[in-house]
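The numbers here are math on the coordinates, done by the rules we state, and not lab data. No experiment lies behind these values; they were computed from the predicted model shown. Backbone-built Cβ (ideal geometry, glycine too); neighbour counts: all protein chains shown.
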Amino acid sequence: MNARIRATMDKRARGEKGFTLIELLVVVIIIGILAAIAIPAFLKQREKAWAAQVVSDVKNSSTAAEAFATEHDGLYTGMTTALLTANGYNPTAGVTVTPTVGAGDKTYTLAGTSTKVAGTWTYDSVTGITTKTVAP
């Protein structure tokens with residue numbers, strides 16, 4: 001073993017420079033292992049970002065819904081996505097928010113979905129909480 005190390009050191013001393021095949025293979029294997037760890041984590045972060053887009057749109061549309069009610073005597077009668085947009089809601093591409101007016105036209109729910117991530121996020125005006133429902 002010492003002879004092999006000595007021979008390698010002698011080659012380098014004579015000016016022969018470069019990496020051995022084994023050294024290159026070890027580096028490639030290490031890069032492969034790091035990529036195998038990093039890629040799934042990266043994909044999970046993308047899903048979280050898409051979900052955050054839906055939650056953001058639902059919250060922004062709830063602000064537009066309150067603006068709509070302010071102009072209609074505190075009632076949500078006839079509220080649609082187009083009317084939410086007219087009241088300041090700016091939808092994100094690929095995200096759909098659907099309003100549903102509750103009994104007595106004094107409450108509403110907003111259901112948000114995305115083309116990029118599974119599930120539906122629902123905002124309830126009574127509780128003020130956004131919840132996620134996973135699609136079957």
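Computed values, structure above
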{"item": "Criterion: in a helix (DSSP H, G or I) and under 25 Å from Val134 (Cβ atoms) - qualifying residue of Leu43, Leu34, Leu25", "result": "Leu43"}
{"item": "Residues satisfying the stated conditions in the stretch 107-129, i.e. among the charged types (D, E, K, R) and assigned to a loop (DSSP other than H, G, I, E, B)", "result": "Lys116"}
{"item": "Residue check, Asp124 under 15 Å from Lys59 (Cβ atoms) and either among the charged types (D, E, K, R) or out of contact with any helix residue (DSSP H, G or I) (no Cβ under 9 Å at 6 or more places or on another chain) (or both)", "result": "yes"}
{"item": "Hits in the stretch 63-85 (condition: aromatic (Phe, Trp, Tyr) and assigned to a loop (DSSP other than H, G, I, E, B))", "result": "Tyr76"}
{"item": "Among (1) small (Gly, Ala, Ser); (2) out of contact with any helix residue (DSSP H, G or I) (no Cβ under 6 Å at 6 or more places or on another chain); (3) assigned to a loop (DSSP other than H, G, I, E, B), the one test that Gly88 misses", "result": "(2)"}
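Results for (1) touching a strand residue (DSSP E or B) at 6+ places or on another chain (Cβ under 8 Å); (2) closer than 30 Å to Lys106 by Cβ; (3) not hydroxyl-bearing (Ser, Thr, Tyr), shown as yes or no for each residue.
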| residue | (1), (2), (3) |
| --- | --- |
| Val26 | no, no, yes |
| Gln53 | yes, yes, yes |
| Ser62 | yes, yes, no |
| Leu84 | yes, yes, yes |
